[in-house]
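The values are calculated or read from the model by the stated rules, or taken from the named source; none is laboratory data. The structure displayed is predicted, hence computed values, not measured ones. Counting neighbours? That spans all protein chains shown, and the Cβs are built from the backbone with ideal geometry, glycine included. In case anyone asks, the SASA skips ligands and DNA or RNA and just uses the protein heavy atoms, side chains included. Shrake-Rupley method; radii C 1.70, N 1.55, O 1.52, S 1.80 Å.
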Amino acid sequence: MTIQEFLGKKEFNIHTQTVSESCPSNIALIKYWGKYKDQIPANPSISFTLNHCKTNTEMEFVANEAFSVQTFLSGNEEVKFAEKIEKYFKNIEQYLPWILQGKYIIKTENTFPHSSGIASSASGFGAIAKCLMKLDESFSGKKSDEESLTKASFLARLGSGSACRSLYNGLVVWGETDEVKGSSDLFAVQYLNSEVHDIFKDFNDWVLLIHEGEKSVSSTVGHGLMNTNPYAERRFQEARENFVPMKEILKSGDMQRFIKLVEHEALTLHAMMMMSDPAFILMKTGTLEVINKIWDFRRETDLPLFFTLDAGANVHLLFPSDGSEEKIKTFIEAELLQHTQKNGVVKDVMKF
Ligand code: DP6
């Protein structure tokens, strides 16, 4: 599909309306880090969509008023977020030609703790894009479910790259790769369930909240620093190449190879940050202590507990529901929770 196919209809019939939508967060296994103009990713990525960490959004559109956006997060007005959304709406007018013809009151709530460092931009923009598609169908006519979902993913991407993957359950791919049929730089697609071994269909993601609060460098700035990173091209190439073993692993259920690949992706992401100019480090002491303990635990027990990281200090503890999870949970509670701020852990699952 091309960008032209997402352009909005010039005929529409707007009216005042309130819509509500919910969208989960996701965690990447092969990471998106580096992008080109118009949110085109430098390499393909694949993620697991979480089941519990979600954003619930209510969007009130008041037709025929001067364009403005007001946003509330858990009842508190968020002026900065409103400015961001205003800019975003102006940017997507060609895809939703009615979008600037009214005012918006947007109320959002996350099911995970605020400032936990769990990516709220993915679930947040995912939920906003779904609300916009509901309004669009009401103003310019119904679309097929598939068409509507693809366009929601397309619009979410323009808000935040990783958000486009949150529109689908299970394993989701964003970015063109020969390894995944139908994959695109413009929107995400669901990875075929029939190509996924059962072991990956019931997985745990416990997020250790190592450091709550603002990150020292935002994802947007971090992506930008890839433009001058001398290792960037090699990294993009490696991510593309990693789709080949990832596909085999997802099919065969080879947990050892999966662990190695996923941890390598996480560490490479952070290595890229350290090799940026200016360099930056988002991991904290606790992050490294947890990683070392996980490695010791695996050496001693051979149990499938491993980690991934997003652009922050928190550690996503990944482990399958394969009968070994009780021992793993006991270890986490006894040994890893002490490295969090305030015993913070968000327990999520990826079940599909
Ligand atoms: C490290 O999607 O937050 O989580 O497109 O600038 O909004 P923007 O960035 P964002 O970047 C996420 C990067 C990542 C890896 C990933 O989710 O693939």
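Over 29 Å between Cα atoms: which of K284/K329; K31/K347; K37/K201; K37/K347 fall into that group?
Those over the limit are K37/K201; K37/K347.
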Legend entry - Rounded percent of accessible protein surface that carbon and sulfur make up, the chain, 1.4 Å probe: 49
Inset, instruction - Return the sequence-ordered ³J(HN,Hα) values of the range 56-65 in whole Hz as given by the Karplus equation 6.51 cos²θ - 1.76 cosθ + 1.60 applied to θ = phi - 60°, using x for Gly and Pro. - result: 9, 10, 10, 10, 9, 10, 9, 5, 6, 9
Inset, instruction - For D322 paired with K342, estimate the spin-label separation in nm (one decimal), with each label point 7 Å from Cα along the Cα-to-Cβ line. - result: 3.6
Legend entry - Within the range 145-167: backbone nitrogen closer than 15 Å to the V196 label point (7 Å, Cα to C-beta): 165-167
Inset, instruction - Using label points projected 7 Å from each Cα along Cα→Cβ, tell me how many nm separate K260 and S144, to one decimal. - result: 4.2
Inset, instruction - Restrict the search to the range 95-191; then list the trypsin sites (Lys or Arg not before Pro) that DSSP places in a loop and that have at most 15 other Cβ atoms within 10 Å of their Cβ. - result: K142, K143, K181
Inset, instruction - Compute the Cα gyration tensor for the range 30-163, then decide on rounded, prolate or oblate, letting a ≥ b ≥ c be the square roots of its eigenvalues: rounded whenever a/c is under 1.5, prolate when a/b is larger than b/c in the other cases, and oblate in all that remain. - result: oblate
Inset, instruction - Grab the Cα-Cα distance for E214 and K80, subtract it from 0.36 nm times how many residues apart they are, and report the gain in nm with one decimal. - result: 46.8 nm
Legend entry - Reachable aspartates and glutamates from K151, criterion Cα separation under 20 angstrom, eight or more residues apart if same chain: E5, E11, E21, D38, E58, E86, E93, D136, E137, E176, D185
Inset, instruction - Report, by chain and number, residues whose modeled amide H sits under 5 Å from the one on Y95, excluding near sequence neighbours (fewer than 5 apart, same chain). - result: G8
Inset, instruction - Once every Cα of the range 17-94 carries one equal point scatterer and solvent is ignored, give the base-10 log of I(q)/I(0) from the Debye formula at q = 0.24, 0.28 Å⁻¹, two decimals. - result: -1.21, -1.24
Inset, instruction - Stick to Cα atoms and the Kirkwood definition of Rh, then tell me Rg/Rh for the range 158-199. - result: 0.98
Legend entry - Given the chain, longest segment not containing exposed loop GluC sites (Glu not before Pro) (DSSP; at most 14 other Cβ within 10 Å): 215-352
Legend entry - Leading residue at positive end of dipole, the range 237-280 (Cβ point charges), from F243, M274, G253: G253
Legend entry - Surface accessible to a 1.4 Å probe, per residue, for the residues of the range 62-178, Å²: 41
Inset, instruction - On each of the three principal axes of the Cα atoms of the range 249-338, give max minus min coordinate, whole Å, ordered largest first. - result: 45, 35, 18
Inset, instruction - Just check the range 119-224 against the gyration tensor rule for me: Cα atoms, a ≥ b ≥ c as the square roots of the eigenvalues, rounded for a/c under 1.5, and otherwise prolate or oblate depending on whether a/b exceeds b/c. - result: oblate
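Which of rounded, prolate, oblate describes the chain, given a ≥ b ≥ c as roots of the alpha-carbon gyration tensor eigenvalues and a/c under 1.5 marking rounded, otherwise prolate only if a/b is larger than b/c?
prolate
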Inset, instruction - Identify the trypsin sites (Lys or Arg not before Pro) of the range 1-93 meeting these criteria: DSSP loop state and at most 15 other C-beta atoms within 10 Å of the C-beta. - result: K9, K10
Inset, instruction - Identify which of S144, S252, S123 has the largest mean-square fluctuation in a Gaussian network model of the chain, with springs joining Cα atoms closer than 10 Å. - result: S144
Inset, instruction - Please go through the range 142-191 and write out the chymotrypsin sites (Phe, Trp or Tyr not before Pro) that DSSP classes as loop and that have at most 16 other C-beta atoms within 10 Å. - result: none
Inset, instruction - List the residues of the range 36-52 whose backbone N lies under 16 Å from a point placed 7 Å from the Cα of D178 along the Cα-to-Cβ direction. - result: 44
Legend entry - Helix-only mean residue ellipticity at 222 nm for the chain, each DSSP H run of n ≥ 4 adding -39500 (n - 2.57), per residue, nearest 500: -11500 deg cm²/dmol
Legend entry - Estimated inter-spin distance, K87 and I3, nm [label 7 Å along Cα→Cβ]: 1.9
Inset, instruction - Hey, can you find the accessible area per residue of the range 179-223 for me, probe 1.4 Å, expressed in square angstrom? - result: 46
